[in-house]
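Take a look at the structure below.
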Amino acid sequence: MPKDNLTNTVALFYPQWQGAGYAPELFDGTVALWDFFSPQIPSIMIQVDRQGELVKQNAIVGFEQIEKQLLNALTLLQDKKPSRVVTIGGGCDVDVAVISYLRTMHGRLGILWFDAHGDLNTPESSPSQLFHGMALRCLLEGGTGFGFQLPIPSISSKDVALLGVRDLDPPEKEYIENTGIPVMAAGEMTDGFPKRLVSQFRQIEKVYVHIDLDVLDPGEFAGVKCPALNGIRIKQLSSILQDIMERWDVIGLSLVENIEIDEKKLNVLEPIIQIAREL
């Protein structure tokens, strides 16, 4: 779909790792993926310490660092005022800041969440109390119940689709049943955007695409924090993304949860990276 008149795009480097617990490998993976992405557009760099002690607060591990970094990301985005954001990030939770900003900028968005996991836990339901497994739920709830003093616009469950999911906790399954969020398992995906979901997003013009790289089959790419078997093939995901780009105005895309630092192994992601470069 043709882009709107607001065409200023930024690349966001956001190596937040604390949402996955003590996981500095996510920091290193973000650096490596950023170097591979090699942005040729204006960039925003979010300051994140590679190490540091994590304290649990509000039943979220690393709460203080996460809140500080989310606020910093929101502030820098608000100062720069991009209309589109391509994010190379650490954990899935970086998108709490990015999507919140873009919702304020654009209004209603469709959220296409490519992930092996649901990221739908709350601090109370999460067995690990790690925020990267709560990111989408935090967005859906507008931050209510998470303790952050941040402007997080709530998202309707009607504007969200989970794609490639195959590892859900029982509370996440219950939440999906109660809200009716559509789920397409990896085994159900074809080479295009699922036809049964097209009608759901017919009234939506702009979408955000979240890609946790664990949505991919680890037989092709295993350099992720939480790999899960039987994922989507790289060629297949590339084809689906191209279909999405033709159907909607994609105003943001993220690539997260990478821990691979070997450039040769990252090279298999080139078809996906190229789509991100063209946003």
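The values are calculated or read from the model by the stated rules, or taken from the named source; none is laboratory data. Bear in mind the structure is a predicted one, so any value in this text is a computation, not a measurement. Here the Cβ is made from the backbone with ideal geometry for all residues, glycine too, and neighbour counts use every protein chain on show.
What to note about this one:
- Failed item, numbered, when L213 is tested on (1) surrounded by 20 or more Cβ atoms within 10 Å (Cβ to Cβ); (2) more than 17 Å from S254 (Cβ to Cβ): (2)
- Selection status of A97, under 23 Å from I232 (Cβ atoms) and under 18 Å from the mean Cα position of the chain (by Cα): no
- Residue-level check: of (1) at negative phi; (2) surrounded by fewer than 21 Cβ atoms within 10 Å (Cβ to Cβ); (3) in a loop (DSSP other than H, G, I, E, B), Q16 misses just (2).
- Looking across the stretch 168-179, the residues that are surrounded by fewer than 15 Cβ atoms within 10 Å (Cβ to Cβ) and either touching a Lys or Arg at 6+ places or on another chain (Cβ under 8 Å) or among the acidic types (D, E) (or both) come down to E174, E177.
- Residue among I261, I240 that is more than 18 Å from F37 (Cα to Cα), of a type in the set (V, I, T) and modelled with pLDDT of 95 or more: I240
For (1) of a type in the set (A, V, I, L, M); (2) in contact with a Cys (Cβ under 8 Å, 6 or more places away or on another chain); (3) closer than 25 Å to V165 by Cα, each residue gets a yes or a no:
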position: Y14; (1), (2), (3): no, no, yes
position: L26; (1), (2), (3): yes, no, yes
position: D49; (1), (2), (3): no, no, no
position: N58; (1), (2), (3): no, no, no
position: T75; (1), (2), (3): no, no, no
position: G89; (1), (2), (3): no, no, yes
position: V98; (1), (2), (3): yes, no, yes
position: H106; (1), (2), (3): no, no, no
position: I111; (1), (2), (3): yes, no, yes
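This table checks each residue for (1) under 24 Å from V198 (Cα atoms); (2) surrounded by 19 or more Cβ atoms within 10 Å (Cβ to Cβ).
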| site | (1), (2) |
| --- | --- |
| Q69 | no, yes |
| T75 | no, no |
| T87 | no, yes |
| G91 | no, yes |
| A116 | yes, yes |
| S125 | no, no |
| L130 | no, yes |
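- Counting only residues that are touching a residue at least 60 places away in the same chain (Cβ under 8 Å) and outside any loop (DSSP other than H, G, I, E, B), the stretch 20-30 holds 7 of them.
- Helices (runs of 4 or more DSSP H) (entirely within the stretch 175-279) containing at least 1 residues that are under 17 Å from A116 (Cα atoms) and of a type outside the set (A, V, I, L, M, F, W, C): 234-247
- Within the stretch 115-171, the set of residues being among the aliphatic types (A, V, I, L, M), over 13 Å from the mean Cα position of the chain (by Cα) and farther than 19 Å from M189 by Cα comprises L130, L140, L150, I152, I155.
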